[in-house]
Amino acid sequence: MRKFIFFKVFRPKQRVVFAVILVLLLGCALYPYYASCQERKAVEALSWTVASKVIVVDPGHGGIDPGCVGKSGVQEKEINLAIARRLSTFLKQAGATVIMTREGDYDLSEEGRAPEGVRHKDDLAARVELAEKYQADLFISIHINSIPLSECWGAQVFYHSGSKESKRLAGLIQKELIKTLGESHRWIKPEDFFVLRSHKCTAVIVEAGFISNPREETLLGDPIHQNKLAWSIYAGVVRFFAGDPLPKEPAYD
Ligand SMILES: [Zn+2]
């Protein structure tokens, strides 16, 4: 009852103003949730476009190759696999055939080929071969970034400049990452990485964030954040097969 006594302190006109302000504040607070629900529904309505597609999901590194390692000791290969598994689940639910390049903690090189350089090359070549073997429509590689500057953060998608479709897919995934995770002032970038230039199919590398940034290192280990990353990649794939055009880079102030 106390809240009503509190309300009686105001005059009738003041009550109306108070109620309007309350409704507006509530609307502002709930709008982001409403907008994200609408976005999710829009992607779900288009999910049929993914059915029957063959998609190779490639969690980078594995086995003797941990990838980059955070200050807390968390290894890139583990995070890559966790995100890839979640992405695989979303894609399979939509009816896609998913080929994971690895399901556990191992690399794809032939055992016994000791020299580090050769083994790494073997590993990458085997990942590319998988996409060819299954005549994949898409190859999506998942990695984590690391640089000496600890301030840098944000997910970023790479593609090969020789493939327009790879650029379109990269842009659509990047747009979804911005929608879900917020603006990081990062945009898609052409790169000449082996797994990008060697593919006959559309191929991208998603660098899911910077393990060298302490805040992002913690986030990357968080299953909720991993789920957001996987959903963003999935939403980008859905929009790609739905025929959405390459989005424009957002204008920054
Ligand atoms: Zn990596």
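Read the figures in this text as sums done on the coordinates, not as results from a lab. If you're wondering where the values come from, they're calculated on a predicted model, not measured in any experiment. Glycine gets a Cβ as well: all are built from the backbone with ideal geometry, and neighbour counts include every protein chain shown.
Once the Cα atoms are used to define both axes, helix 12-46 deviates from the longest principal axis of the chain by about 20 degrees.
By per-residue mean of other Cβ atoms within 10 Å, what is the highest-first order of 75-83, 123-131? Intermediate values should be presented prior to the final figure.
Working: 75-83: 23.0, 123-131: 19.7.
Listed from highest to lowest mean packing, they are 75-83, 123-131.
Between the amide H of residue 212 and those of 147, distances stay under 5 Å, these residues lying 5 or more places away or on another chain, with hydrogens modeled in the peptide plane. Modelled spin labels at residue 36 and residue 246, positioned 7 Å past Cα toward Cβ, are 3.0 nm from each other. Across the stretch 46-241, Cα pairs under 8 Å and at least six residues apart give a relative contact order of 27 percent.
Expressed to the nearest 5 percent, the antiparallel share of DSSP beta bridges inside the chain is 20 percent. Backbone amide hydrogens, once placed in the peptide plane, bring residue 107 within less than 5 Å of 63, 64, excluding anything fewer than 5 places away on its chain. Scanning residues 5 or more positions from residue 100 or on other chains, those with amide H under 5 Å from its amide H are 57, with H placed 1.01 Å from N in the peptide plane.
Overall form of the chain: prolate. Here a/c, set by the Cα gyration tensor axes a ≥ b ≥ c, is 1.5 or more, and a/b is the larger of a/b and b/c.
Note that the stretch 217-224 has calculated 3J(HN,Hα) couplings of 4, 5, 4, 4, x, 8, x, 5 Hz, one per residue in order, obtained from phi through the Karplus relation 6.51 cos²θ - 1.76 cosθ + 1.60 (θ = phi - 60°); glycine and proline are x. Coupling constants for the stretch 77-87 follow from the phi torsions by the Karplus curve (6.51 cos²θ - 1.76 cosθ + 1.60, θ = phi - 60°), and in residue order they are 4, 6, 5, 4, 5, 4, 5, 4, 4, 5, 4 Hz; glycine and proline get x.
Taking θ as phi - 60° and the Karplus parameters 6.51, -1.76 and 1.60, the scalar couplings of the stretch 178-194 work out to 5, 4, 7, 9, x, 6, 10, 6, 10, 9, 4, 9, x, 9, 9, 5, 3 Hz in sequence order, x denoting glycine and proline. Once you reduce the stretch 26-98 and the stretch 138-161 to the center of their Cα atoms, the two points are 15 Å from each other.
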